[in-house]
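Engineer: The structure's right below; bear with me while I get my questions together.
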Amino acid sequence: MTPLQARRLDRLAERIKQLPYTRQQQIMSDLKQAMTITEAAEVCGVHAETVRRWVRAGDLQAAKFGREYRVSKTELARYWAGQGGGDLFGPTASEDDQGADDE
């Protein structure tokens, strides 16, 4: 990381600290790229055992750390959309930017 990047990151951290606690938690959750099986199940509105079955069947890719699995947001969104479930996490920033260019 360059010194400039480090300064920018420090400024961003200070600005985030000034936000209400609930907003801080939401931002940190949005930045998190991997989630537990339980978190993935909550996002999809299914039981955690259902997500474990998807992983065991090889339908959903997950990384195993010790006895626990982690599922990336990208992989979960890919799987969910492939099952006809639609968009799990809303439009990404790049999609928002593209929409603004069309107007």
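The values are calculated or read from the model by the stated rules, or taken from the named source; none is laboratory data. From a predicted model like this one, the values you see are computed outputs, not experimental measurements. Every residue, glycine among them, receives a Cβ derived from its backbone with ideal geometry; neighbour counts consider all protein chains shown.
Engineer: From the list GLU95, GLU75, pick out the single residue that is at pLDDT 90 or above and within 24 Å of ILE27 (Cβ to Cβ).
Structural biologist: On the way: GLU95 fails: at pLDDT 90 or above.
It is GLU75.
Engineer: Please specify each residue of segment 8-20 satisfying the condition of being surrounded by 11 or more Cβ atoms within 10 Å (Cβ to Cβ) and either assigned by TED's automatic domain parsing to the domain that holds ALA62 or of a type outside the set (A, V, I, L, M) (or both).
Structural biologist: ARG8
Engineer: Within segment 44-54, how many residues are among the aliphatic types (A, V, I, L, M) and modelled with pLDDT of 95 or more? Before the answer, list the steps.
Structural biologist: The initial filter retains those residues of segment 44-54 that are among the aliphatic types (A, V, I, L, M), namely 46, 48, 51.
From the residues that got through so far, the ones that are modelled with pLDDT of 95 or more too are 48, 51.
The qualifying residues number 2.
Engineer: Please work out if ARG23 is among the charged types (D, E, K, R) and in the same structural domain as LYS73 (by TED's automatic domain parsing).
Structural biologist: Values: among the charged types (D, E, K, R): yes; in the same structural domain as LYS73 (by TED's automatic domain parsing): no.
Taking the combined requirement at face value, the residue does not satisfy it.
Engineer: Restricted to segment 34-43, and to residues that are of a type in the set (A, V, I, L, M, F, W, C) and surrounded by fewer than 18 Cβ atoms within 10 Å (Cβ to Cβ), which residue is nearest to the chain's Cα centre (by Cα)?
Structural biologist: Of segment 34-43, the ones of a type in the set (A, V, I, L, M, F, W, C) are 34-35, 37, 40-41, 43.
Going one step further and asking which of them are surrounded by fewer than 18 Cβ atoms within 10 Å (Cβ to Cβ), we end up with 34, 43.
Numbers: ALA34: 6, VAL43: 10 Å.
The selected residue is ALA34.
Engineer: Going through GLN5, GLN25 one at a time, which residue ends up being within 20 Å of the chain's Cα centre (by Cα) and over 25 Å from LYS64 (Cβ atoms)?
Structural biologist: Details: GLN5 fails: within 20 Å of the chain's Cα centre (by Cα).
Result: GLN25 is the single residue among GLN5, GLN25 that is within 20 Å of the chain's Cα centre (by Cα) and over 25 Å from LYS64 (Cβ atoms).
Engineer: Of the numbered conditions (1) modelled with pLDDT under 80; (2) not assigned by TED's automatic domain parsing to the domain that holds LEU12, GLY58 satisfies every one except a single condition; which is it?
Structural biologist: Checking GLY58 against (1) modelled with pLDDT under 80; (2) not assigned by TED's automatic domain parsing to the domain that holds LEU12, the one that fails is (1).
Engineer: Output yes when any residue across segment 54-73 is exposed (fewer than 11 other Cβ atoms within 10 Å of the Cβ) and β-branched (Val, Ile, Thr), and no when none is. Walk me through how you get there before you give the answer.
Structural biologist: From segment 54-73, those exposed (fewer than 11 other Cβ atoms within 10 Å of the Cβ) are 57-58, 64-67; that's our starting set.
Pick out the ones that are also β-branched (Val, Ile, Thr) and you get none.
So far as segment 54-73 goes, no, none of its residues is exposed (fewer than 11 other Cβ atoms within 10 Å of the Cβ) and β-branched (Val, Ile, Thr).
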